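These notes concern the structure reproduced below.
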Amino acid sequence: MPLLRTGLMASLLITLQLPLFAQTIDVDITPGHSTNQFVPAETLGAGIDRIATKSIDPLLAQPVLTKTLSAGWQTVSYRQNTELLVEAWHWNPEGTWSDPKGQGYFTGSASLGKPIHYSYGYALPHRGFTRNDGTGNAGFSRLTDGDENTYWKSNPYLAQKFTGEPDSSHPQWVILDLWQAQKIDTLRIAWAAPYATHYVVQYWTGDDPIKAPTRGVWQAFPLGTIGAGKGGTETIRLSAEPAAVRFLRIWMTESSNTCDLHGSSDPRNCVGYAIKELYLGTTTADGLLHDLIRHTPDQEQTTTYCSSVDPWHSPADLPTTRQAQLGFDLFYTTGITRGLPAMVPIALIYGTPEDAVAEISYLKKRNYPISYVEMGEESDGQYMLPEDYAALYLQWADALHHLDPSLKLGGPSFQGVNKDIEVWPDANGQSSWVRRFVNYLNAHHRLADLSFFSFEHYPYDPCKLTWASLYDEPELVTRIMQTWREDGLPAGLPLLITESNLAAGASETYMDIFSGLWLADYIGSFLTAGGKGVYYFHYLPLPMEHGCNDSPGTFGMFTVGNDYQVQQQLPQYFATQLITSEWVQPGKEVHHVFPVRTDIDDGTGHALVTAYALERPDGQWSLLVVNRDQDNEHKVRIRFHDDASRREAAFTGEVRVTSFGRAQYLWHPAQTVFMAHPEHNYDTSIQTEKDGHAAPDGPPVASKVTGEKGTAYVLPAASITVLRGNISK
């Protein structure tokens, strides 16, 4: 299907002589007022993640690949899903284990052997999470699994041997969540090795230390400070009388540095902290502990959280999953990267420096171009304290920059958030994750090792969207970028959104015109605010999922069938084409972004029309205009002004006008009908009548009009319009 529809439909976009009441889009073209500059081939990208193994080859084959590329996204970011699932990533299935027994710490092979088609994640047997923000309900913790033959162990790279700092500089911790306040006075810890010789047992005074870390404090139990721990099984009477507690934390600051069950041959086995099982309750006069913990190896166990996890594992820890990451050779050779440098990840949170170096060595040997190296995935979702992430970051940076000093390293790939990341306040009362991360790098004179700052953007709850949600996006993305700067990121440090979409969960909203309007506003506002790279997610077509309120939904630009062939384009596909092919000049030349002001609102301060202006390398001025009024078209005059020369200008001569709105696209939701049970006189079953579909289903409509001072341009209701041409001298 061609991109643009011309002819009769173009009559919707005829120009009119400007009436006195017409509204205005005012573009500030003063040379010194440009807010950003970017190169489309480097800035407008998309992300590829772990997907169903059976779908990888069909989605990278023709004709699906050609359809995907036709959207116009350029550079690609390879997402590392394994760290979200608390897994060790075998980017190359071939490699070596640290232990001669064929277990331990795995390093992928940098040798150029058989091309890597798929790669996999291995579950970590020393896991301490029942759940975290990446895993949802996957996996379980070894702290309350009822088996003292298993144990949690902290990440050895956070111990003094590797950080060069006292263990107390990187306290490790575990948390028990009893779900509701329970009266307790006794904790029993079945230590593994190494164990804590110095630790404090604390309770939380607020509501939830995980979701609201600044709304409460950790308070030590009266008898909860231990200064000479002996390991083994320690029973600690925390207080003389039982106290009502929901959250309990063990805060560990000095290790015994004794070796775990994996032996003394590897120093990583002999640092940090390890716990077999936790028991919590009350002790009666007869000396018996009455345990309140639910011990079971599944999600029914008492919930635990932990500061870090040892990446030690074995071949037996490969899950029987039906998902895989793309192998690097498949990723780079199918055409999905367009031959452009790609952002690649390294495993940091559950990896080793040696493995990261081997990965980059492999890519360099293959001559695969790398734009950026992202260090770890969603450290905030793993509840890492910023000093811990920073300590790992610098160790990995040392190793990678020893290999290649020119590598552009960055992170931390925050989850999609709309506000500052807060953590428990440090000794100075500082609770901003980013500020503490920057402070750590500065204190070690290593801020130069941070070449970019990355985060994700999923601004909405997919089940709580209204049309008015569209009004929020420009401020949301602009404000969070300003927040990172206020937290101490240097003014010139590139901000990259390495994964983004409307929401992290699927719903039928993705198929509605709403999602296309949101995408245009998001990209325009991000670039206007100074963003240097944006990666749309998810690039490859995905099947429909069960979404909000029982609606089907998909996460991307297309609907696909069971054979993974594209069935229909969705609004974000057409919006993408307007951005990548109409608004910008495709290629590798510099575009300049200028500020825009509109005077079109709903009377309450909500902007009904937003606009984003570019000076393109071909000399044309291009406006991306979003009419968020779903009921009314708007006639607008375009005014350009230069404060330096006190000059005003307008589009002149031929102006290309391309628009996509409800006249070009309308989604019809899936229909369901109630069917009467054959043996009863009432409805007992539901049958889907037909899948949702779009009719009409695009493409955008284009026309060429003559611009001059006083020309008004029609913005259809609920539409994206690109106006492009030259301006009067």
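Computed quantities for the displayed model
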{"read-out": "Condition met for T82 (within 26 Å of E378 (Cβ to Cβ), in the same structural domain as Y539 (by TED's automatic domain parsing), surrounded by fewer than 16 Cβ atoms within 10 Å (Cβ to Cβ) and modelled with pLDDT under 95)", "value": "no"}
{"read-out": "Hey, E456 touching a helix residue (DSSP H, G or I) at 6+ places or on another chain (Cβ under 6 Å) and either surrounded by 14 or more Cβ atoms within 10 Å (Cβ to Cβ) or part of a strand (DSSP E or B) (or both) or not", "value": "no"}
{"read-out": "Pairs where the first residue, in the range 350-376, is on the phi > 0 side of the Ramachandran plot and the second is of a type outside the set (D, E, K, R) and in a helix (DSSP H, G or I), C-beta under 9 Å, 6+ apart", "value": "G376/Y389; G376/L392; G376/Y393; G376/W396"}
{"read-out": "Set G605, G561: member being free of Cβ contacts under 8 Å to residues at least 40 places away in the same chain, assigned by TED's automatic domain parsing to the domain that holds L59 and surrounded by fewer than 24 Cβ atoms within 10 Å (Cβ to Cβ)", "value": "G561"}
{"read-out": "Complete set of residues in the range 191-230 that are over 19 Å from F247 (Cα atoms) and of a type outside the set (V, I, T)", "value": "W191, A192, A193, P194, Y195, A196, H198, G227, A228, G229, K230"}
{"read-out": "Residues satisfying the stated conditions in the range 467-492, i.e. in contact with a strand residue (DSSP E or B) (Cβ under 6 Å, 6 or more places away or on another chain) and more than 28 Å from F555 (Cα to Cα)", "value": "D487, L489"}
{"read-out": "So L178, is it crowded, with 17+ Cβ neighbours inside 10 Å and either touching a residue at least 12 places away in the same chain (Cβ under 8 Å) or assigned to a strand (DSSP E or B) (or both)", "value": "yes"}
{"read-out": "Residue count, the range 209-229 (criterion: of a type outside the set (V, I, T), touching a residue at least 24 places away in the same chain (Cβ under 8 Å) and out of contact with any Gly (no Cβ under 8 Å at 6 or more places or on another chain))", "value": "6"}
{"read-out": "Some residue of the range 431-444 being outside any helix (DSSP H, G or I), more than 24 Å from the chain's Cα centre (by Cα) and free of Cβ contacts under 8 Å to residues at least 24 places away in the same chain", "value": "no"}
{"read-out": "Considering residues of the range 473-500 that are without any contact (Cβ under 8 Å) to a residue 60 or more places away in the chain and in contact with a His (Cβ under 9 Å, 6 or more places away or on another chain) only, the residue surrounded by the most Cβ atoms within 10 Å (Cβ to Cβ)", "value": "I497"}
{"read-out": "Filter result (in a loop (DSSP other than H, G, I, E, B), of a type in the set (V, I, T) and more than 26 Å from G272 (Cα to Cα)) within the range 206-253", "value": "T214"}
{"read-out": "Criterion (crowded, with 24+ Cβ neighbours inside 10 Å, under 20 Å from G351 (Cα atoms) and either free of Cβ contacts under 8 Å to residues at least 24 places away in the same chain or of a type outside the set (S, T, N, Q) (or both)) met by exactly one of K161, K153", "value": "K153"}
{"read-out": "Of residues in the range 696-729 being of a type in the set (S, T, Y) and over 21 Å from I523 (Cα atoms), the one surrounded by the most Cβ atoms within 10 Å (Cβ to Cβ)", "value": "Y713"}
{"read-out": "Within the range 618-631, tally of residues that are outside any strand (DSSP E or B) and touching a Leu at 6+ places or on another chain (Cβ under 8 Å)", "value": "2"}
{"read-out": "Filter result (under 30 Å from P353 (Cα atoms), aliphatic (A, V, I, L, M) and more than 32 Å from the chain's Cα centre (by Cα)) within the range 238-270", "value": "L261"}
{"read-out": "Whichever residue in the range 379-411 is outside any helix (DSSP H, G or I) and touching a helix residue (DSSP H, G or I) at 6+ places or on another chain (Cβ under 6 Å) and, among such residues, is surrounded by the fewest Cβ atoms within 10 Å (Cβ to Cβ)", "value": "L407"}
{"read-out": "Lone unmet requirement of (1) part of a strand (DSSP E or B); (2) surrounded by fewer than 24 Cβ atoms within 10 Å (Cβ to Cβ); (3) hydroxyl-bearing (S, T, Y) for S111", "value": "(1)"}
{"read-out": "Candidates Y573, Y535 - the one that is closer than 30 Å to P31 by Cα and touching a residue at least 24 places away in the same chain (Cβ under 8 Å)", "value": "Y535"}
{"read-out": "Any hit, the range 674-692, residues being of a type outside the set (D, E), surrounded by 13 or more Cβ atoms within 10 Å (Cβ to Cβ) and at pLDDT 95 or above", "value": "no"}
{"read-out": "Which listed residue is free of Cβ contacts under 8 Å to residues at least 60 places away in the same chain, touching a Phe, Trp or Tyr at 6+ places or on another chain (Cβ under 7 Å) and crowded, with 16+ Cβ neighbours inside 10 Å, from Y305, Y273, Y332", "value": "Y332"}
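The values are calculated or read from the model by the stated rules, or taken from the named source; none is laboratory data. Source: prediction; values computed, not measured. Here the Cβ is made from the backbone with ideal geometry for all residues, glycine too, and neighbour counts use every protein chain on show.
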